[in-house]
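Note sheet for the following structure.
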Amino acid sequence: MNWRYSLALLPWCIHAASPDFEKDVAPILEARCLSCHDESSAKGEVRLDTREQLLTSIRLGQPDDSELIKQISGSKPEMPKKAAPLKAHEVAILRQWIASGATWPEQRVLKDNPPRDLKWWSLKPISKRDVKNSSTNPVDDFINAKLAEKGLKPVGEVDSITLIRRLTYDLTGLPPTPDEVEAFAESNSTNTYVATVERLLASPAFGEKWAQHWLDLARYGETHGYDKDKPRPNAWPYRDYVIRSFNEDKSYPQFVQEQIAGDALYPGQPDGILGLGFLAAGPWDYIGHSEVGEGKVDGRIAKHLDRDEMISAVFNVFTSTTVQCAQCHHHKFDPVRMEDYYRLHAVFAAVDRADRVYRGLKPEQEKERTALQGQINGLRAEQTKLQAEAKSELSARTSGIERRLEELRKKHASPLLPQYGYHSSISKKQDEVKWVQVDLGRAQEIEQVRLIPAFDTYNNIGAGFGFPVRYKVEASLDAAFQQGVRLVRDATNQDQSNPRSTDVLIDVGGDDARYIRITATRLAPRKDDYIFALGEVEVSGGENHDNIAKGCAVSSLDSIESGPRWGRSNLTDSIFHRELNDPVALAELRQLEAQKTEIETSLKNPQREARLKILGEQLGKLNSQLKTFPKGEVIYAATTDFTAQGAFKPTAGQPRPIHLLNRGDIRSPRALMHPGMTPLWPGAVAEFALPARAPESSARAELAKAIASAENPLLWRSMVNRLWLWTFSQPLVGTPNDFGRMGMQPTHPELLDYLAARLRDDPQHSLKSIIRLLVTSQAYRRASDHDESNAQIDSNNAYLWRANRRRLTAEEFRDSVLTVSGMMNLERRGGPSFQDFIIEKPQHSPHYEYALHDPEDAASHRRSIYRFVVRSQPQPLLTTLDCADPSQSVPYRDESTTALQALTQWNNRLVEVMSRHFAERLQQAPDVVTQACQLALGRTPTEAEKAALNEHLRTYGSASLARVIFNLNAFVYLD
Amino acid sequence: MAGAASHVDMWDHKPLLSQRDGQPWDPGEKVELFQSTPGACFGCPWAFKPYGRSGKMLSDIVAPLGAVVDDLAFVHNVVGKTGVHSQGTLLQTTGFQLPGFPSAGSWVSYALGSESDNLPSFVVLPDHRGLASNGSKNWANAFLPAQHQGTVIRPGNAEPIADLHAPKSDFISPASDRAGLDLLGRLNRGYAQERPGDDRLQARIRSYELAAAMQLSATDALDVASEPSYIRDMYGLASEGEGVDDTIINTKAETEFFGRKCLVARRLLERGVRFVQIWSGNDNGHPRRNWDSHEDVKRDHEPLSLGMAHGAAALIKDLKQRGMLEDTLILWTTEFGRMPCSQGSKGRDHNPFVFTNWLCGGGIQGGTYGESDEWGFRPQDRANATSVYDVHATVLHQLGIDHTKLTVRYNSIDRRLTDVHGHVLKGMVG
């Protein structure tokens, strides 16, 4: 139908009154066009949000010549892209409006306003179907019906030896033992199969295998990632929690709730805290949080992105919904509006990622400790602020001076000689009186005394070291200074500023004298004690105005006499430190130093200093109090109370204010948001009704309850699709983390709903019972054989006419190599992770050096699930074999085939070492090749294989044979 | 340049900073810095001189690039989105601030495929002293297939590519290695023959053949010793090789480290590698061996920059004399710039508000495109700054790729290197 035809059909439009902009026109444009043609998107450089912009797409009064109308009409309209065309009456309204002059209220700007369209398969209620044939596995009813519909003939059942290997790997991630294979093959019956399924589901190895699937989704890692990539030593309890939850067959909604709000919904239970490891499992920007902090824009961006990471994880994993797409604009395809997304930010507004206690601390103790911690955090924040204030006030005015000082010192540096000067004994009190005096040998005329301050690098004090705060200088003929004492400098009445590297000159004149005494009446402070030190005393006199003190005897009240630096004789040895060797530079230095001192004095804030002193004392007291509490067992999880680290401070349960951010920009806050979510199914609410003063966790509890409710069709569909994927190596919905319009549709919608309803309606909500159902189906037990006629119709095996051959996952490969070679320690379950790397330079940015690790290290001979997962430097062997990237939620593994994989599997040191151990294990075997194949491939070799392997064994030995076997397709693929 | 290289000390000449050196700095707005509060104006500690026909002003620490300066297209108005190293670095390498996105090299490998069967299409030459912020996330394939991840090569290392050769072992000899691979091939072919219709099985057999070919070609590509001595000298290689003394940061060592990577890069490009990432500067460990000169610009930047400029200039000249510069594009970048004011007395804090990129070769016209303000603090024309997306769009454009069309759907979004942004820098591409 072209537009002329439609026009003829709708003559009333032409004559009707001009459409109302607000009532008729704006809603169409806002609902159907603006998501791509507003200011921020402007796809194809077309905008329809203002009149000026619109005018480039229309001709006033001429709908036929208007590009807008051309684009949205016709038999296959160009626009809207990837959505249903506009309805005929909507097109007619726009035509009419253009024809009548396209009135547009002044200044009006249209905004994207998509309808909340819930008409999508994944959002509809789960349709519950009765199973027709109760004698067969219902899974097969659905699968077979689809096969028949598509004209596909399923291949036959797989042989029992292949089946036991497949089943054992799928349920436990480990190879079956030769005995298990033999026993299973001998009594091949349905009962044996069911019993084997039960044995494997009950084995602790089941949880170890299935937890890996979950940890891939949960983006679990044990370092922060980003800059510095610091380790998280307390992340592993979450991994153990997931393993245990699978092994105990925890009710699925409980599992979900614990991971969003376990603290609120399961108070007092360790699992309620352990589950919160999920929210914290992803990467965390250490620098953005703890060095920059929320006081700065970059820190607020980091915190915003951090919440986005948590929210995305919750919705991608539990509901297969991509809410994160609504950060900058409404979701372009799914009914998620920006408000929905920012309501979720409000839900998580109080939590951060840090260590918290899950066991071993009584609730009242925990409360007390949290309160104490809060107090400490508060005081420390004040301390940091005051210190930073002081520092920045100073540096803003002195950085130029500092640079010049440094330059002068570098250019004219003179070496520090070891004979520093005189140094009194150390005193605990500042007002102790100490003296030192020079004996000139005879009475003579004295012009001037020069005091040269000492210089010591101790504690970075430098120039002026030990120079007294108050002092006096006297001259006398009496060595005991009892008679005829002449006071030539009195600086005892008030504190003197330290002369640093400036000499102190004192004119004497008058009568002759023999002794010069310097008395400190208030000593120079060091960190915790007080001293008196001087670098040199010069006395000028005599005919030539020489230094007549040179080499003269020195006596004192006391002296530390710590040679060669400090001794009485050093005071008159003419050796003293001059900071600079150039007098002009020295003059400049002194001038600059004086300037700096002046600035320092002018900026001194006694109030601030007094406060800092009090803060230091209080913090010391509180910290020692904190140490009296038991530590408890700790997990890295979502929390609101923790020890502050730099600028990273806990909210203590006080949610941060959350605003809707225009275009996702932290600098453009709009309306304040309340906790809520995106109402994706009937009955779901957008904004939570929370009592006033409800604790922060109550918003998360509301969210957890809503997500894990029976009414949420996404929850159940999402999880059974994953179980299907983890069993059949291929999902029913090809995009497990996205059931939205950009995702794929289910191949078997009825089957998906059947399983979803079954999980939902099972009072135990047992995941194991679904897995049991799947692996006992005929579909699961088919051979993986090719069939040309089936392949013509369904080359990807979407309808499961055969089983899917799959490669061992990275972890399965490593675990199998260890197991087959007899080196795997299966009994070391849980606890801190093993590290198959050596950490170098741990202080700052740890280097995780895998190449330095010894593959013989028995501590690392554990299942790969117990591996310490590093983000910045992933394990090279496992990464090359497509293990999950812990930076993001990974719903399924890639299965790539590359030359680097071949190099790794062939040359990796672990493979080499384990080949040798495998050879040792085979030493006693009567038939090395047969036993090797039984252990590694789960079967005996064919005659041809046997001959070829034996030949290699004879020439190159059993270790070389083992290396070949670990690289066989028959080892790395599961039929 | 890991750590953030200082544009105002290298090629964005700001005489005003020297004129006002040590005086209070007032850009007329509140400035929020990463670590510190703004100090005084801090003039570049090195002299600037004009180079080339254009008379482009370069500082003494990039003087070696003066010889090729007319081939360089400077963009002095690049703006970042963050002053945090990890995010800034990811933005440069992947176009996103968060981890989890493919590196630009992975995108190029994905788009253009491999030109050589025997070498990876995307190679990374990291600083041998440690990986920059985010580690291998900077060359991760993320949601692209694994063959597009950057392969780390450590020239000068005993084992330049991990697992390239068999480890030292009492049971592995060249003969057992060969016989083992022969046997493996035979048995794997038998396995595949019994299982028709599964390409993966053939592919895995082929992967072992490729691996063997890679052992030879990678060894050849890394054989820098086979270069004539005038070429080795041109790149500034030291006679001690990577063992050159580095206990105190110095120009000779930095020149050797960077020059060797540049020379290896040329050899890789000649052999069909699509994309090479060369890194200068490690993590933020101590003593500092990267460009994050908070404490002392002179101490770090002089040797790092002279070393970089020497190697980069040699690479450009060498590519040119081999006729390779026309179809080889060089992009010089860093996570952000450094402030016009001082931190402490001799350092500079982060400046994500403006910094410099330059491009060269691959059809790029030399010149200066986009200026910063008189301080080198922000773009001169704030409304028309250059983003990393623009630079990435331009790079892809010169490789014959429309950056809006190179997409992969992941978690329901059609992902691009340039997200939803980016404009080709038209002036520069003629």
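Taking a straight line from the alpha carbon of A:Lys596, these lysines sit under 16 Å away, with near neighbours fewer than eight places off in the same chain left out: A:Lys391, A:Lys604.
Take the alpha carbon gyration tensor of the range A:241-374, find the square roots of its eigenvalues, order them as a ≥ b ≥ c, and report rounded if a/c is under 1.5; if not, report prolate when a/b exceeds b/c, else oblate.
On the way: a/c = 2.28, a/b = 1.22, b/c = 1.87.
Oblate is the answer for the range A:241-374, as a/c is 1.5 or above yet b/c matches or exceeds a/b.
Around B:Gly272, under 9 Å between beta carbons, what's the net of Lys plus Arg minus Asp minus Glu among the other residues?
Numbers: positive: B:Arg271, B:Arg274; negative: B:Glu115, B:Asp117, B:Glu270.
After counting each charged neighbour, the total is -1.
Seen against the Cα atoms of chain A and their longest principal axis, helix A:138-150 is set at about 70 degrees. Placing unit charges on each Cβ (+1 for Lys and Arg, -1 for Asp and Glu) gives the range A:422-577 a dipole about its Cα centre, and among A:Gly567, A:Gln448, A:Ala549 the Cα reaching farthest toward its positive end belongs to A:Gly567.
Mean per-residue shielding of peptide B:206-214 is 5, counting Cβ atoms of other chains within 10 Å of each Cβ.
The shape of the range A:918-975 comes out rounded: with a ≥ b ≥ c from the C-alpha gyration tensor, a/c is under 1.5.
Other residues with beta-carbon under 12 Å from the beta-carbon of A:Leu29 carry, at +1 per Lys or Arg and -1 per Asp or Glu, a net charge of -2. Dipole size of the range A:806-974 about its Cα centre, with +1 on Lys/Arg Cβ and -1 on Asp/Glu Cβ: approximately 220 debye, rounded to the nearest 20.
With each label modelled as a point 7 angstrom along the Cα→C-beta vector, the B:Lys405-A:Glu788 pair spans 3.8 nm. The string of couplings for the range A:235-244 from the Karplus curve (6.51, -1.76, 1.60, θ = phi - 60°) is 7, 4, x, 5, 4, 5, 4, 5, 4, 5 Hz, one whole number per residue in order, with x for Gly and Pro. Taking the charge dipole of the protein assembly as shown about its Cα centre, with +1 at Lys and Arg Cβ atoms and -1 at Asp and Glu Cβ atoms, the residue from B:Ser36, A:Gly360, A:Trp104 reaching farthest to the positive side is A:Trp104. Where the only charges are on Cβ atoms (+1 Lys, Arg; -1 Asp, Glu), what is the dipole of the range A:422-577 about its Cα centre, to the nearest 20 debye? For the range A:422-577, the charge dipole is close to 540 debye.
For the pair A:Thr384 and A:Asn493, what calculated FRET efficiency results from E = 1/(1 + (r/R0)^6), where r is the Cβ-Cβ distance and R0 = 35 Å, to the nearest 0.05? With a Förster radius of 35 Å, E is 0.35. Counting Cβ atoms of other protein chains within 10 Å of each Cβ in A:400-408 and taking the mean gives 5. Peptide B:403-410 is shielded by partner chain Cβ atoms: per residue, an average of 1 of them sit within 10 Å of its Cβ.
What are the lysines whose alpha-carbon lies under 25 Å from the alpha-carbon of B:Lys56, with same-chain residues fewer than 8 places away excluded? Those lysines meeting the cut-off are B:Lys14, B:Lys298, B:Lys317, B:Lys320, B:Lys426. Scoring A:353-366, A:622-635 by mean Cβ neighbours within 10 Å over their residues and listing the highest first yields A:353-366, A:622-635. Note that the range A:153-164 has calculated 3J(HN,Hα) couplings of 10, x, 6, x, 6, 6, 5, 5, 5, 5, 5, 5 Hz, one per residue in order, obtained from phi through the Karplus relation 6.51 cos²θ - 1.76 cosθ + 1.60 (θ = phi - 60°); glycine and proline are x.
Within the set A:Lys124/A:Lys705; A:Lys411/A:Lys434; A:Lys362/A:Lys621; A:Lys82/A:Lys111; B:Lys137/B:Lys405, which residue pairs have Cα atoms separated by over 31 Å?
Working: A:Lys124/A:Lys705 19 Å; A:Lys411/A:Lys434 38 Å; A:Lys362/A:Lys621 23 Å; A:Lys82/A:Lys111 20 Å; B:Lys137/B:Lys405 24 Å.
Flagged as over cut-off: A:Lys411/A:Lys434.
By the beta-carbon count within 10 Å of each Cβ, the least crowded to most crowded order of A:Glu943, B:Glu159, A:Glu402, fewest first, is A:Glu943, B:Glu159, A:Glu402. Taking the Cα centre of the range A:372-417 as origin and assigning +1 to Lys and Arg Cβ atoms and -1 to Asp and Glu Cβ atoms, the resulting dipole is close to 220 debye. Can you list the residues, at least 5 places off or on another chain, whose amide H is less than 5 Å from the amide H of B:Thr368, using H built in the peptide plane? For B:Thr368, whose amide H was placed from the backbone, the distant partners under 5 Å are B:Phe74.
Scoring A:326-332, A:87-93, B:137-143 by mean Cβ neighbours within 10 Å over their residues and listing the highest first yields B:137-143, A:326-332, A:87-93. Going by a ≥ b ≥ c, the root eigenvalues of the Cα gyration tensor, does the range A:724-802 fall in the rounded group (a/c under 1.5), the prolate group (a/b larger than b/c) or the oblate group? Oblate is the answer for the range A:724-802, as a/c is 1.5 or above yet b/c matches or exceeds a/b.
Comparing A:Leu961, A:Phe576, A:Ile311 along the charge dipole axis of chain A, the residue lying farthest to the positive side is A:Ile311, per the Cβ-charge model. Couplings 3J(HN,Hα) of the range B:305-321, computed from phi: 6, 4, x, 4, 5, 4, x, 5, 5, 4, 4, 5, 4, 5, 4, 5, 5 Hz, in residue order, whole Hz [Karplus 6.51 cos²θ - 1.76 cosθ + 1.60, θ = phi - 60°; x for Gly and Pro].
Just order A:173-180, A:542-549, A:372-379, B:261-268 by mean Cβ neighbour count inside 10 Å, highest at the front, would you? Mind showing how you got there, number by number?
On the way: A:173-180: 18.5, A:542-549: 14.2, A:372-379: 16.4, B:261-268: 23.4.
Per-residue Cβ counts within 10 Å, averaged per peptide and sorted highest first, yield B:261-268, A:173-180, A:372-379, A:542-549.
Helix-only arithmetic for the protein assembly as shown: the sum of -39500 (n - 2.57) across DSSP H runs with n ≥ 4, divided by the residue total, places the mean residue ellipticity at 222 nm at -12000 deg cm²/dmol.
Throughout, read-outs are computed from the coordinates displayed, never taken from laboratory work. The shown structure was predicted, so the numbers you read here are calculated from the model rather than taken from an experiment. Heads up, the Cβs are rebuilt from the backbone with ideal geometry, glycines too, and the neighbour counts pull from every protein chain shown.
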